[in-house]
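Colleague: Before I ask anything, let me first share the structure, which is written out below as structure tokens.
The values are calculated or read from the model by the stated rules, or taken from the named source; none is laboratory data. The shown structure was predicted, so the numbers you read here are calculated from the model rather than taken from an experiment. Virtual Cβ from ideal backbone geometry, glycine too; neighbours counted across all protein chains shown.
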Ligand SMILES: Cc1ncc(C[n+]2csc(CCOP(=O)(O)OP(=O)(O)O)c2C)c(N)n1
Ligand code: SF4
Ligand SMILES: [Mg+2]
């Protein structure tokens, strides 16, 4: 039978199943295939904190949301068009995020009595049969049965066979969205190169899923999502943590410094370590320390030796690093601290996202301890912002904090990557000569108020640095009251000086004055941008500015803020940027706050804009 | 160490223009002097030497050494030094720490630096007290110790630093004291010569808050009877007239009188490479007030040859570079899968 073909400009698919069902892999494979095809996209993996949470339960549901299209895509999307539910729990947990009349692809085997009970469905009920899904387009398939049938002669055990289930679903979706299987075939061939039987099993099941769609008469419609009209160029798919890692390698390479990365595993920052440890041929040294204190301290030691010292962590790990951050700023050595924020306080919500460490980054140290703070807005922006963090750290001889979060760290988007030669220069000059007639003055400052970097091994410049207050220029211990105030103000002035060396704040969407400015920072970027574009299309006088430099703020920020009648600041916290803005600019900004471990839906921001401007 | 100097430096060249600020009579003065005396003999260019300390009286040390130096935060010198050594393997790194700094707040980093075996030297100034904070008991203070924070005596069981380091698989473990300049100098040299993390516990008198803590080991009148100076390949002999020795009865050390029946040939001969025996020696930790107690050993307990962390790290970099070639930034940025939008 001839199948219909329907053209769509964007689709949101949520892959959901048990954390052992391989939904993350399925989602990633579909994502990469969509990316290679030229769709714009944005993803949002959402997994339980437990590695293998109780099977079949709501707590054990692992999800991966993909939004792809032929149009510009800024977020993983609010409500999905397609929900893949590998079991009853996956359906129950995600149904509220499915559009009315959306498609449900349900694995019937995951809706047996046991799974229904584990998912907490009332006795005797089965949503696939009791009519409660009326209005949705439900595609039922017994994935387990068909996978087993496809592998009848594979010689593999049931357990191994069942592990290939996700490939059936993936194959079916490839058919449904007119996608080539080439990328996944190549991926499987590489992944299972040494295990032929497992490789063949996966290939067979993938094709079985595809053919299932092709041959079954009940499936009448396929969908086409054409490539997006993005700026011409070469693209790749990029995840936030990966971008952070690559930005660090790039900064090291461009500055000619050795990259030293000291860290301790923690969700959601660990992937930076995993990525960097693959790039030892760039001379990258990764050090998995015994705790976060040792991690940051080892990086400080490396910086003293003339390396680019970097550390990253999240939540409780950042808390442990605070004393050493103070030391680094007293030493005035370059150091980059990446905080991949997660839900807090304490252990909080390790696998969920939040923006609640901003005030900690700006203020959270003993004493007057200013440190520049930057924030990345999207997965690929992590590359540019960590590169900036390195540049500022080196040029100003200071620790710099970069804030990202779990949402952009694990999210992915297409990235028109730069050429190495297009990246800004990062100038490093190690001091080789005395800087006064008689001796080396380690704290004598240049026009940026930055101090010289003389590293061990340099003859004649032997000197000592410490965390005790030091005398101006000589660096000798000093308890002199006036010197202390002088040095406090000097270190502050140095950080403020950074404002002269960062770009002006620009308007992301809209005009540079008007009724309402939505001011964001960090990972709310996509949701705010989508909402503001929609609101402007609907005739609202609203604009969007997104802060990437938070301490110090760009020099023109005040002027920009004063050009709007109202300022709205959406944040995934109780209102932290808003405190900084009100404090510095004395304006009555209004907050929009969500603290649920989940990113904003564009819809939520849109509603607020509409409410303000109605 | 790896590098040798053509220009000779003297101990005077190692003094800084900073006034030394320890209390008069503090054991730290002697240690500073022995370090300044020993370093010129090592042939290391001054600019390649780094002293790193934490916080405490002892940790003021780097300010008094005309080398590169860092006075850091409490307990973390070991962690800082690990990063520096990883980044700059050619440097000669000396960590100065106290019993509180190195075994209390920094205890975790201490055991980890030892198992990793970076090639550097750790000098732990043990005065069995918190000096800088004016006299609280420390993790090496004996049970029952009466201090400002323990008016009824401490109920903490103390660490035995040598046994702790043996337990952490340290590759060089030694003990010396502030009051024996020649011995301390020789141990510092040995520590420097050892390739790996060299741990040296130095008994140091805090004459203000814990005066006389090590008196029985350092005073002429009792020293020979209460201490056992170990030398590789030599029998374990001590006593006022070298009249006593140590024998092993199974795994039990026993003190024997040397006389017509027992000759030095019958004694336990010290072998620095014997881990089991070093473990037994590390447990010679009796309270000298107890009857029949064993003497306190000084010298090198244990030495082991084991690859250093920084070398293995460099090996992996070399291996990956040999396999993949020097890192190409453009290739890294583009990755393996790209697509073109025209
Ligand atoms: C994080 C932190 N906690 C506490 C202190 C206070 N403090 C400074 S030195 C010290 C103990 C020092 O004892 P020890 O390491 O034995 O050195 P000593 O002064 O005896 O040489 C303490 C508790 C500190 N500086 N930092
Ligand atoms: S308090 Fe004790 S350890 Fe500290 S300087 Fe004085 S004597 Fe030395
Ligand atoms: Mg002490």
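Colleague: Between a residue in segment B:207-219 that is without any contact (Cβ under 8 Å) to a residue 12 or more places away in the chain and away from every other protein chain (no Cβ under 14 Å) and any residue that is part of a loop (DSSP other than H, G, I, E, B) and within 12 Å of ligand 3 (Cβ to nearest atom), which pairs come within a Cβ distance under 9 Å, given they are 6 or more apart or on different chains?
Modeller: B:211/B:205; B:212/B:205; B:215/B:205
Colleague: Out of (1) buried (at least 16 other Cβ atoms within 10 Å of the Cβ); (2) within 14 Å of chain B (Cβ to nearest Cβ), the odd one out for residue A:472 is which?
Modeller: (2)
Colleague: Continuing with the same structure: Only one of these is touching a helix residue (DSSP H, G or I) at 6+ places or on another chain (Cβ under 7 Å), surrounded by fewer than 18 Cβ atoms within 10 Å (Cβ to Cβ) and at pLDDT 95 or above: A:494, A:515. Name it. Steps first, please.
Modeller: Details: A:494 fails: surrounded by fewer than 18 Cβ atoms within 10 Å (Cβ to Cβ).
A:515 is the lone residue from the list that is touching a helix residue (DSSP H, G or I) at 6+ places or on another chain (Cβ under 7 Å), surrounded by fewer than 18 Cβ atoms within 10 Å (Cβ to Cβ) and at pLDDT 95 or above.
Colleague: Would you please name the residue that is nearest to residue B:131 (Cα to Cα), looking only at residues in segment B:54-77 that are more than 8 Å from every other protein chain (Cβ to nearest Cβ) and assigned to a helix (DSSP H, G or I)?
Modeller: The residue in question is B:58.
Colleague: What is the one condition in (1) in contact (Cβ under 8 Å) with a residue 40 or more places away in the chain; (2) within 12 Å of another protein chain (Cβ to nearest Cβ); (3) surrounded by fewer than 24 Cβ atoms within 10 Å (Cβ to Cβ) that residue B:88 does not satisfy?
Modeller: Against the list (1) in contact (Cβ under 8 Å) with a residue 40 or more places away in the chain; (2) within 12 Å of another protein chain (Cβ to nearest Cβ); (3) surrounded by fewer than 24 Cβ atoms within 10 Å (Cβ to Cβ), residue B:88 comes up short only on (1).
Colleague: Kindly indicate the residue of segment A:48-101 that is in contact with a helix residue (DSSP H, G or I) (Cβ under 9 Å, 6 or more places away or on another chain) and free of Cβ contacts under 8 Å to residues at least 40 places away in the same chain and also surrounded by the fewest Cβ atoms within 10 Å (Cβ to Cβ) among those meeting that condition.
Modeller: A:52
Colleague: Here is a further query. Taking residue B:105 as meeting all but one of (1) away from ligand 1 (no atom under 12 Å from the Cβ); (2) out of contact with any strand residue (DSSP E or B) (no Cβ under 9 Å at 6 or more places or on another chain); (3) within 23 Å of residue A:287 (Cβ to Cβ), write down the number of the exception.
Modeller: Result: residue B:105 passes all but (1).
Colleague: Given the conditions (1) assigned to a helix (DSSP H, G or I); (2) under 24 Å from residue B:42 (Cβ atoms); (3) within 16 Å of ligand 2 (Cβ to nearest atom), report the number of the one that residue B:97 does not fulfil.
Modeller: Condition (1) is where residue B:97 drops out.
Colleague: Looking at (1) surrounded by fewer than 17 Cβ atoms within 10 Å (Cβ to Cβ); (2) over 22 Å from residue B:124 (Cβ atoms); (3) touching a residue at least 24 places away in the same chain (Cβ under 8 Å), which is the only condition residue B:21 fails?
Modeller: (2)
Colleague: Quickly run through segment B:91-100 and pick out the residues that are touching a helix residue (DSSP H, G or I) at 6+ places or on another chain (Cβ under 6 Å), free of Cβ contacts under 8 Å to residues at least 60 places away in the same chain and more than 7 Å from chain A (Cβ to nearest Cβ). Explain how you work it out, then say what you get.
Modeller: Our first condition is that a residue be touching a helix residue (DSSP H, G or I) at 6+ places or on another chain (Cβ under 6 Å); within segment B:91-100, this holds for B:91-93, B:95-98.
Subset that is free of Cβ contacts under 8 Å to residues at least 60 places away in the same chain: B:91, B:93, B:95-98.
Once the filter is applied, which keeps residues that are touching a helix residue (DSSP H, G or I) at 6+ places or on another chain (Cβ under 6 Å), free of Cβ contacts under 8 Å to residues at least 60 places away in the same chain and more than 7 Å from chain A (Cβ to nearest Cβ), segment B:91-100 yields B:93, B:95, B:96, B:97, B:98.
Colleague: Being within 27 Å of residue B:109 (Cβ to Cβ), within 16 Å of ligand 3 (Cβ to nearest atom) and within 19 Å of the chain's Cα centre (by Cα) is true for just one of B:58, B:82. Which residue is that?
Modeller: B:58
Matching residues to (1) surrounded by fewer than 15 Cβ atoms within 10 Å (Cβ to Cβ); (2) within 14 Å of chain A (Cβ to nearest Cβ); (3) at pLDDT 95 or above; (4) in contact with a strand residue (DSSP E or B) (Cβ under 7 Å, 6 or more places away or on another chain):
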{"residue": "B:235", "(1), (2), (3), (4)": "no, no, yes, yes"}
{"residue": "B:292", "(1), (2), (3), (4)": "yes, no, no, no"}
{"residue": "B:303", "(1), (2), (3), (4)": "no, no, yes, yes"}
{"residue": "B:310", "(1), (2), (3), (4)": "no, yes, yes, no"}
{"residue": "B:327", "(1), (2), (3), (4)": "no, yes, yes, no"}
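Colleague: Quick check on segment A:194-232: of everything there that is loosely packed, with under 14 Cβ neighbours inside 10 Å and assigned to a strand (DSSP E or B), which residue is farthest from the other protein chains (Cβ to nearest Cβ)?
Modeller: Within segment A:194-232, the match that is farthest from the other protein chains (Cβ to nearest Cβ) is A:221.
Colleague: Please work out which residue is surrounded by the fewest Cβ atoms within 10 Å (Cβ to Cβ), limiting yourself to segment A:290-305 and to residues that are at the interface with another protein chain (Cβ under 7 Å from one of its Cβ atoms) and either touching a residue at least 40 places away in the same chain (Cβ under 8 Å) or not in a helix (DSSP H, G or I) (or both). First the steps, then the outcome.
Modeller: Residues of segment A:290-305 at the interface with another protein chain (Cβ under 7 Å from one of its Cβ atoms): A:290-291, A:293-294, A:297-302, A:304-305.
From what is left, the residues that are either touching a residue at least 40 places away in the same chain (Cβ under 8 Å) or not in a helix (DSSP H, G or I) (or both) are A:290-291, A:302, A:304-305.
Values: A:290: 19, A:291: 16, A:302: 32, A:304: 30, A:305: 26.
The selected residue is A:291.
Colleague: Answer yes if at least one residue in segment A:139-160 is touching a strand residue (DSSP E or B) at 6+ places or on another chain (Cβ under 6 Å) and either within 28 Å of residue A:526 (Cβ to Cβ) or free of Cβ contacts under 8 Å to residues at least 24 places away in the same chain (or both), and no otherwise.
Modeller: no
Colleague: Is there a residue being in a helix (DSSP H, G or I), modelled with pLDDT of 95 or more and more than 9 Å from ligand 3 (Cβ to nearest atom) anywhere in segment B:115-133?
Modeller: Looking only at segment B:115-133, we keep the residues that are in a helix (DSSP H, G or I), and these are B:115-116.
Keeping just the survivors that are modelled with pLDDT of 95 or more gives B:115-116.
Filter once more, keeping what is more than 9 Å from ligand 3 (Cβ to nearest atom): B:115-116.
For segment B:115-133, residues in a helix (DSSP H, G or I), modelled with pLDDT of 95 or more and more than 9 Å from ligand 3 (Cβ to nearest atom): present.
Colleague: Related question: Out of segment A:144-153, which residues are in a loop (DSSP other than H, G, I, E, B) and under 24 Å from residue A:105 (Cβ atoms)?
Modeller: A:151, A:152
Colleague: Please count how many residues of segment B:8-35 are away from every other protein chain (no Cβ under 14 Å) and either away from ligand 3 (no atom under 16 Å from the Cβ) or more than 16 Å from residue B:204 (Cβ to Cβ) (or both).
Modeller: 8
Colleague: On to the next question. Can you tell me how many residues within segment A:321-331 are out of contact with any strand residue (DSSP E or B) (no Cβ under 7 Å at 6 or more places or on another chain) and closer than 18 Å to residue B:52 by Cβ? So that I can check it myself, show each step before the final result.
Modeller: Kept after step one, since they are out of contact with any strand residue (DSSP E or B) (no Cβ under 7 Å at 6 or more places or on another chain), are these residues of segment A:321-331: A:322-324, A:326-327, A:330.
Next, only the ones that are closer than 18 Å to residue B:52 by Cβ stay: A:323-324, A:326-327, A:330.
So the count comes out to 5.
Colleague: Moving on to the next point. Give segment B:129-146 a look and list any residue that's more than 14 Å from chain A (Cβ to nearest Cβ), within 12 Å of ligand 1 (Cβ to nearest atom) and surrounded by fewer than 24 Cβ atoms within 10 Å (Cβ to Cβ), or say none. Before you say what the answer is, go through the steps one by one.
Modeller: Here is the first cut: in segment B:129-146, the ones more than 14 Å from chain A (Cβ to nearest Cβ) are B:129-131, B:133-146.
When the remaining residues are screened for being within 12 Å of ligand 1 (Cβ to nearest atom), the result is B:129-131, B:133-141.
Within segment B:129-146, B:133, B:134, B:135, B:136, B:139 meet the criteria.
Colleague: Of the residues B:140, B:171, B:150, which single one is touching a strand residue (DSSP E or B) at 6+ places or on another chain (Cβ under 8 Å), within 20 Å of residue B:56 (Cβ to Cβ) and more than 16 Å from ligand 2 (Cβ to nearest atom)? First the steps, then the outcome.
Modeller: Values: B:140 fails: more than 16 Å from ligand 2 (Cβ to nearest atom); B:171 fails: within 20 Å of residue B:56 (Cβ to Cβ).
Result: B:150 is the single residue among B:140, B:171, B:150 that is touching a strand residue (DSSP E or B) at 6+ places or on another chain (Cβ under 8 Å), within 20 Å of residue B:56 (Cβ to Cβ) and more than 16 Å from ligand 2 (Cβ to nearest atom).
To keep it simple, each residue is scored yes or no on (1) touching a helix residue (DSSP H, G or I) at 6+ places or on another chain (Cβ under 8 Å); (2) assigned to a loop (DSSP other than H, G, I, E, B).
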site: B:153; (1), (2): no, yes
site: B:159; (1), (2): yes, yes
site: B:166; (1), (2): yes, no
site: B:179; (1), (2): yes, yes
site: B:184; (1), (2): yes, no
site: B:205; (1), (2): yes, yes
site: B:209; (1), (2): no, yes
site: B:224; (1), (2): no, no
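Colleague: Here is a follow-up. May I ask you to list the residues in segment A:432-465 that are in a loop (DSSP other than H, G, I, E, B), crowded, with 17+ Cβ neighbours inside 10 Å and more than 10 Å from chain B (Cβ to nearest Cβ)? Talk me through it step by step, then tell me what you get.
Modeller: We begin by selecting, within segment A:432-465, every residue in a loop (DSSP other than H, G, I, E, B); these are A:432-442, A:444-452, A:454-463.
Now drop any that are not crowded, with 17+ Cβ neighbours inside 10 Å, which leaves A:440-442, A:445, A:449-452, A:454-458, A:461-463.
Scanning segment A:432-465 gives A:440, A:441, A:442, A:445, A:449, A:450, A:451, A:452.
Colleague: Inspect all residues belonging to segment B:45-53 and state whether any of them is within 16 Å of ligand 3 (Cβ to nearest atom) and either part of a loop (DSSP other than H, G, I, E, B) or modelled with pLDDT of 95 or more (or both).
Modeller: Let us first name the residues in segment B:45-53 that are within 16 Å of ligand 3 (Cβ to nearest atom), namely B:53.
If we keep only those that are either part of a loop (DSSP other than H, G, I, E, B) or modelled with pLDDT of 95 or more (or both) too, we end up with B:53.
Yes, there is a match, as at least one residue in segment B:45-53 is within 16 Å of ligand 3 (Cβ to nearest atom) and either part of a loop (DSSP other than H, G, I, E, B) or modelled with pLDDT of 95 or more (or both).
Colleague: Let me ask something additional. Quick one: which residue in B:105, B:122 is under 25 Å from residue B:206 (Cβ atoms), more than 8 Å from every other protein chain (Cβ to nearest Cβ), away from ligand 2 (no atom under 15 Å from the Cβ) and surrounded by fewer than 24 Cβ atoms within 10 Å (Cβ to Cβ)?
Modeller: Numbers: B:122 fails: surrounded by fewer than 24 Cβ atoms within 10 Å (Cβ to Cβ).
Exactly one residue qualifies, and that residue is B:105.
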